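Here's the structure, in structure tokens; my notes come after.
None of the figures in this text is laboratory data; all of them are computed from the coordinates on show. Small disclaimer: the values here were computed from a predicted structure and weren't measured. Cβ coordinates were reconstructed from backbone atoms using ideal geometry, including for glycine residues, and neighbour counts include every protein chain displayed.
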Amino acid sequence: MERIVILTGAGISAESGLATFRASDGLWEAHRVEDVATPEGFARDPALVQRFYNDRRQRAAEVAPNAAHLALAKLQRDYPGEVLIVTQNVDALHEAAGAEVLHMHGSLDGALCAACGHRWPAPMKMQVGEPCPACGAPAGRPDIVWFGEMPYHMEEIFARLSRCSYFVAIGTSGNVYPAAGFVQEADAAGAHTLELNLEASTSASHFAEARQGRATELVPPWVEEMLAEARR
Ligand code: OAD
């Protein structure tokens, strides 16, 4: 049986209207990454960090999945083999399109207690000192994996990479590990590796094949190719 592992990044949500991380000015929605995506940044200025993710949560609630999200959901539904979708994105657009995904960098819809580790659905606006419903500590934070923290689902993802036949990375710049190293893992397992991205990513040279363009233009035809190949 064929097994496909797909890794998505901010580029797949760009055409839905969500900003990517690495714009040409190196800033992320006018903030330094260290200020809004590290535990140290949160300790220094929790109000800034909560406001930053509150704004992103609000924005993510206003947008809809695009043709690339919908095509991946179709592949997952109709492909006769296994299709694992792993996303670095914290929006819920894959789910809104009808797909099941592993969120390796967490989710804007989740809250996490920094004191006891309890998780619960995040309110649209999280406050500084948001109380944990389990232990009562005023330690609620967005359930987002920040720099210096361990991404989620790593064991399962590496197990699936080690026996996949196709690995496809979509809309990711290849700058952030461990995701940027998935291609080498899949390559070592003998998988065909394909990058679908607006431009050649930092890890493009590790892929057997690369196609450049917008996700909404590249992903639907690739999904049709995979479904046609499976029918042959
Ligand atoms: P980046 O912003 O680093 O990269 C987005 C990639 O998508 C770039 O290579 C763009 O060229 C490409 N792109 C932009 N628009 C596109 C489109 N319409 N179609 C196809 N590709 C397009 O985002 P990520 O690689 O996802 O981590 O960033 C990885 C991680 O860095 C994020 O998950 C986040 C960030 O720090 C955490 O928050 C922990």
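Annotation: Leu84 fulfils all but one of (1) part of a loop (DSSP other than H, G, I, E, B); (2) in contact (Cβ under 8 Å) with a residue 60 or more places away in the chain; (3) in contact with a Lys or Arg (Cβ under 9 Å, 6 or more places away or on another chain); the unmet one is (1). Among the residues of region 26-48, those identified as in contact (Cβ under 8 Å) with a residue 60 or more places away in the chain, touching a strand residue (DSSP E or B) at 6+ places or on another chain (Cβ under 9 Å) and either surrounded by fewer than 14 Cβ atoms within 10 Å (Cβ to Cβ) or not small (Gly, Ala, Ser) (or both) are Pro39, Phe42, Pro46.
Taking the criterion of being assigned to a strand (DSSP E or B) and either surrounded by 19 or more Cβ atoms within 10 Å (Cβ to Cβ) or of a type outside the set (A, V, I, L, M, F, W, C) (or both), would at least one residue in region 144-161 satisfy it? Spell out the reasoning first.
In the first step, residues of region 144-161 are kept if they are assigned to a strand (DSSP E or B); the result is 144.
Remaining after also requiring either surrounded by 19 or more Cβ atoms within 10 Å (Cβ to Cβ) or of a type outside the set (A, V, I, L, M, F, W, C) (or both): 144.
Yes, that holds for at least one residue.
Taking the criterion of being part of a loop (DSSP other than H, G, I, E, B) and within 16 Å of the ligand (Cβ to nearest atom), the residues of region 184-200 that qualify are Leu198, Glu199, Ala200.
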